[in-house]
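A.B. asks: Below: one structure in C-alpha cells.
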Amino acid sequence: MHYSLKKTDLPRFINLLRENYEVIAPVKKNGVVIFNRISSPKEIVTDYINTLYPPKNFFLPDGEILFEYRKSKKIEIKHPEDAKKRVIYGMRPCDANALVKLDKILGGDYYYRRKRENTRIIVVNCNQAGENCFCTSFGDNEAKEFDLLFTDVGEKFYVKPGSKWGKELVKINIFSKERKAFERNSLECKRYFPAKGIEKRIEKSFNSKIWEEYFEKCFSCTACSIVCPLCYCFDLVHSPESKNKGKVKRVLSSCLSLEFSRVARNFVFRSNRADRVKQFISHKFLYAKKNYNQYLCVGCGRCIAHCPADIDFEKFLEMIG
Amino acid sequence: MIYTPEIGRIRKIKKETRDARTFRIELENKELRDNFYFQPGEFVLISVFGIGEAPFSISSSPFKKYFEITVRKVGNVTGALFNLKEGNYIGVRGPYGRGFPMDEFEGKNLILIAGGCGLAPLKSVIEYILEKREKYGKLALLYGVKTLASILYKKEIKKWRRIFDVYLIVEKKEKNWKGDVGVVTRLIDKIEDFKNSVFCICGPEQMISEVINSLKKKKVNHADIFVSLERKMQCGLGLCEHCNINHIYVCKDGPVFRYSELENLEELKWEEK
C-alpha cells in the first residue's frame, strides 16, 4: 500500500506525534540548520540540504553520563534514567544509513541501543544534492531503514512506511491512500568516486608519500570527526564533583588528536600527523570493511564543508583511486 | 552494565620496588568473586573513582579467589592507586581480552622472556604452570631489568630458581651483581631446545622487537612466538578505538598475539627500528 500526506497537514501530523513523543526536527538557530527538540511545528525548516551536525548526538551524546558514584563507607553506583520516546523528523537518507552502520558496531552498547530503541525515524528524501554531497558513491542516497520515508512531490509528501510503527501510523485519516507507487527521479551528486574496492586502493597507498603531501595542511582540529555521522570514538572520563562524588562520562574524541594515543609518561603512538589521518581514513574504509564489512562513510560531505584547511576527503579518495 | 565497574576491595599491598607495588584485590560480590576466572595474559580495567580508569595485566594465578596487579607509578591512575590503603575500594571491569593459550601450550617447553614490568602477566603464566606442572615440558624464564633495584617479585624468583631455570640480566654493571650484563636478547643463547618450545614475550615494544629478531635468527616458527602488547585500552570491548593497531584491537583481539598475526601490520613496523 502507498500513502501520501498533504503538505498543509504536516503541522497537524507533527502535533499528533507531539502528544506521545518528543519531536526533534531541523530548525534554524543562529543562522544554521540543526536538529533540535521543537515545541511547535512552525519551527521546522524545510528548505535545507542537510543539517550542520549529523543526528549522531541524539544517540551518542558528547559527555553522556554513564553512571554516578558516591563514596561513603562503600561505593554506591547509580545509573541515569533515560527512556524518553522520541521521533526525529527530517533526517536525510545518508544520516539514517549512518545509524544503521553504527548499529553494527554499537548495537551491544546499552546506552546507544536504548536511545535507538526509543527513537522513531522519519526520513525525508533529498530532491537536491549539496555541493559536497557524494552519497551516491556509496548508494547512501537511498534510505535503508526508517519508520516512515517522506518524499516531497510538490503539494504533498509521498509516504512509505518502513516499520510496524510506521504502518500503524499511516492508518490515521490525515494520510491518503495512493493507487500506485511514486517513481522518484534519482538524485545526482556532482562528486562521485567508485567506492567499491577503495579499501584495497588505500592499503596499496599505505607507504606512499601522498599522505604526507596531501595532509600536510591538516591542523588536527578534529572538526571533521565532530561533524562526521560515523565518527564514534570516545574516552571514558571521570568527572568529580566533590571529593566523594562525581560522574563518569563518555566524551567523544578523535583519532586525529595527539591526545588520542597518548599514554602515561607522555608517549604518543601516532605522533606523526599523516599517521593520524591514515588512521582516520583507514578506519573508515579499510579496518571497518575488514571487521564489519562496511565503510564508515555515507558521503554526507560535512567533513569537506567544515575543514578549516580546505582538505577535501572525497577528492583524496579519488586521487588514490 | 557496560562500562560500569564492579566494586573491588584492596586486600593487600606489597611494595615491589621504589615505584612498583602489587595490589591484591577481591571482588565484593560473592558470586562474581567465586567465578572470577581468566587465562594468564588477560587484563582488568581498574578505576579509582574521581581520577580515572586504566588497564593492568593480572599477575596472579587464575585459581585463586582474589587477583593481583602489579602497578608502576607512571601516571594519574597509578599515582592515585598508590595513595590507597588496604581495605579501600576500587572499581574493577573485566577480565578482558585474550590471554596465552595455556591449553595449546600443554606438552611443550615454555620459554618466558620478560623486560621490566613485563614480568607481571608472565608471573600469572608461571603460577598457572606450577599448579599443573605435569602437563607442561621444561620451563625457563629470561628476565631483563634496567637495575637490580627494579627487579619485581624477588621472593617469588628465589622460589622459582629452585624449580626451573631463571636467567637474569641487568642492563649495566652494578657493584653487587656478578651475573649477566646487557639486554635480555643476550640470554637467548642460554636456551638449549628451540624445538617443541613456545616463547612468551612481554616488555617494552623495543625489547619485544629485538627478542623477536633474535628468535627469527634461531629459525623459530612465527606461530610459536606469543607477545603481550600494551596500548591505551579504554573501553576494553573494541569500541572506543584507542588501542587499535591497523584493523586489530589490542583489548579484544589481544593483548596476547601470536607473532604470525602481527608481522604484516603496517603500524608495527618492528623490523625497521
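A.B. asks: If we scan region B:42-53, do we find a residue that is at positive phi and either in the same structural domain as B:N88 (by TED's automatic domain parsing) or touching a Cys at 6+ places or on another chain (Cβ under 9 Å) (or both)?
C.D. replies: yes
A.B. asks: Test B:I90 against the criterion of being over 27 Å from B:I191 (Cβ atoms) and touching a residue at least 60 places away in the same chain (Cβ under 8 Å), and give yes or no.
C.D. replies: When the stated conditions are applied, B:I90 passes them.
Yes/no matrix, rows are residues, columns are (1) facing chain B (nearest Cβ under 7 Å); (2) surrounded by 18 or more Cβ atoms within 10 Å (Cβ to Cβ); (3) modelled with pLDDT under 95; (4) under 24 Å from B:G238 (Cα atoms):
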site	(1), (2), (3), (4)
A:I226	no, yes, no, yes
A:P229	no, yes, no, yes
A:L236	yes, yes, no, yes
A:E241	no, no, no, no
A:K247	no, yes, no, yes
A:C255	yes, yes, yes, yes
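A.B. asks: Out of region A:77-103, which residues are more than 20 Å from A:G166 (Cβ to Cβ) and out of contact with any strand residue (DSSP E or B) (no Cβ under 7 Å at 6 or more places or on another chain)?
C.D. replies: Listed by number, the residues that qualify are A:E81, A:D82, A:A83, A:K101, A:L102.
A.B. asks: Now for a separate question. Taking region A:257-273 as the region of interest, how many residues are aliphatic (A, V, I, L, M) and within 7 Å of chain B (Cβ to nearest Cβ)?
C.D. replies: Selection size over region A:257-273: 2.
A.B. asks: Report, ordered by the first and then the second residue, all pairs with beta carbons closer than 8 Å, sequence separation of six or more or different chains, a first member in region A:40-59 that is under 18 Å from A:K85 (Cα atoms), and a second member that is among the small types (G, A, S) and crowded, with 19+ Cβ neighbours inside 10 Å.
C.D. replies: A:K56/A:A98
A.B. asks: Would you check if B:I111 is more than 14 Å from chain A (Cβ to nearest Cβ) and either touching a residue at least 24 places away in the same chain (Cβ under 8 Å) or in contact with a Ser or Thr (Cβ under 7 Å, 6 or more places away or on another chain) (or both)?
C.D. replies: Against the criterion (more than 14 Å from chain A (Cβ to nearest Cβ) and either touching a residue at least 24 places away in the same chain (Cβ under 8 Å) or in contact with a Ser or Thr (Cβ under 7 Å, 6 or more places away or on another chain) (or both)), B:I111 qualifies.
A.B. asks: Which residues, counting only those in region B:63-105, are away from chain A (no Cβ under 14 Å) and either among the hydrophobic types (A, V, I, L, M, F, W, C) or on the phi > 0 side of the Ramachandran plot (or both)?
C.D. replies: B:F63, B:F67, B:I69, B:G97, B:F100, B:M102, B:F105
A.B. asks: Limited to region A:244-259, what total is found for residues that are within 25 Å of A:D275 (Cβ to Cβ) and either without any contact (Cβ under 8 Å) to a residue 12 or more places away in the chain or not in a strand (DSSP E or B) (or both)?
C.D. replies: 7
A.B. asks: Say whether the condition of being assigned to a loop (DSSP other than H, G, I, E, B), under 30 Å from A:E81 (Cβ atoms) and in contact (Cβ under 8 Å) with a residue 40 or more places away in the chain is met by at least one residue in region A:111-132.
C.D. replies: Checked against the condition, which is being assigned to a loop (DSSP other than H, G, I, E, B), under 30 Å from A:E81 (Cβ atoms) and in contact (Cβ under 8 Å) with a residue 40 or more places away in the chain, region A:111-132 yields no hits at all.
A.B. asks: Would you point out the residue of region B:42-62, among those that are β-branched (V, I, T) and part of a strand (DSSP E or B), that is nearest to the other protein chains (Cβ to nearest Cβ)?
C.D. replies: Here the residue is B:V48.
A.B. asks: Would you tally the residues in region A:200-219 being under 25 Å from A:A305 (Cβ atoms) and either touching a Leu at 6+ places or on another chain (Cβ under 8 Å) or not β-branched (V, I, T) (or both)?
C.D. replies: 12
A.B. asks: Any chance region A:300-315 includes a residue that's without any contact (Cβ under 8 Å) to a residue 60 or more places away in the chain and within 13 Å of another protein chain (Cβ to nearest Cβ)?
C.D. replies: Within region A:300-315 (the criterion being without any contact (Cβ under 8 Å) to a residue 60 or more places away in the chain and within 13 Å of another protein chain (Cβ to nearest Cβ)), the answer is no, since none of the residues qualifies.
A.B. asks: Quick one: A:R276 ticks every box in (1) closer than 19 Å to B:Q234 by Cα; (2) within 11 Å of chain B (Cβ to nearest Cβ) bar one, so which box is it?
C.D. replies: The one condition A:R276 does not meet is (2).
A.B. asks: Among the numbered criteria (1) under 30 Å from A:E76 (Cα atoms); (2) at the interface with chain B (Cβ under 9 Å from one of its Cβ atoms), which single criterion is violated by A:F206?
C.D. replies: If we test A:F206 against (1) under 30 Å from A:E76 (Cα atoms); (2) at the interface with chain B (Cβ under 9 Å from one of its Cβ atoms), just (1) comes out false.
For (1) in contact (Cβ under 8 Å) with a residue 60 or more places away in the chain; (2) away from chain A (no Cβ under 14 Å); (3) aliphatic (A, V, I, L, M), each residue gets a yes or a no:
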| site | (1), (2), (3) |
| --- | --- |
| B:K190 | no, yes, no |
| B:F194 | no, yes, no |
| B:S214 | no, yes, no |
| B:R231 | no, no, no |
| B:L239 | no, no, yes |
| B:H242 | no, no, no |
| B:C251 | yes, no, no |
| B:V256 | yes, yes, yes |
| B:E261 | no, no, no |
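A.B. asks: Go through region A:103-113 and count every residue that is closer than 28 Å to A:I14 by Cβ and within 11 Å of chain B (Cβ to nearest Cβ).
C.D. replies: Residues flagged as closer than 28 Å to A:I14 by Cβ and within 11 Å of chain B (Cβ to nearest Cβ) within region A:103-113 amount to 3.
A.B. asks: If you don't mind, another one. Return the total of residues in region B:1-25 being within 14 Å of chain A (Cβ to nearest Cβ), buried (at least 17 other Cβ atoms within 10 Å of the Cβ) and either without any contact (Cβ under 8 Å) to a residue 60 or more places away in the chain or not in a strand (DSSP E or B) (or both).
C.D. replies: Total meeting the criteria: 2.
The values are calculated or read from the model by the stated rules, or taken from the named source; none is laboratory data. The shown structure was predicted, so the numbers you read here are calculated from the model rather than taken from an experiment. Virtual Cβ from ideal backbone geometry, glycine too; neighbours counted across all protein chains shown.
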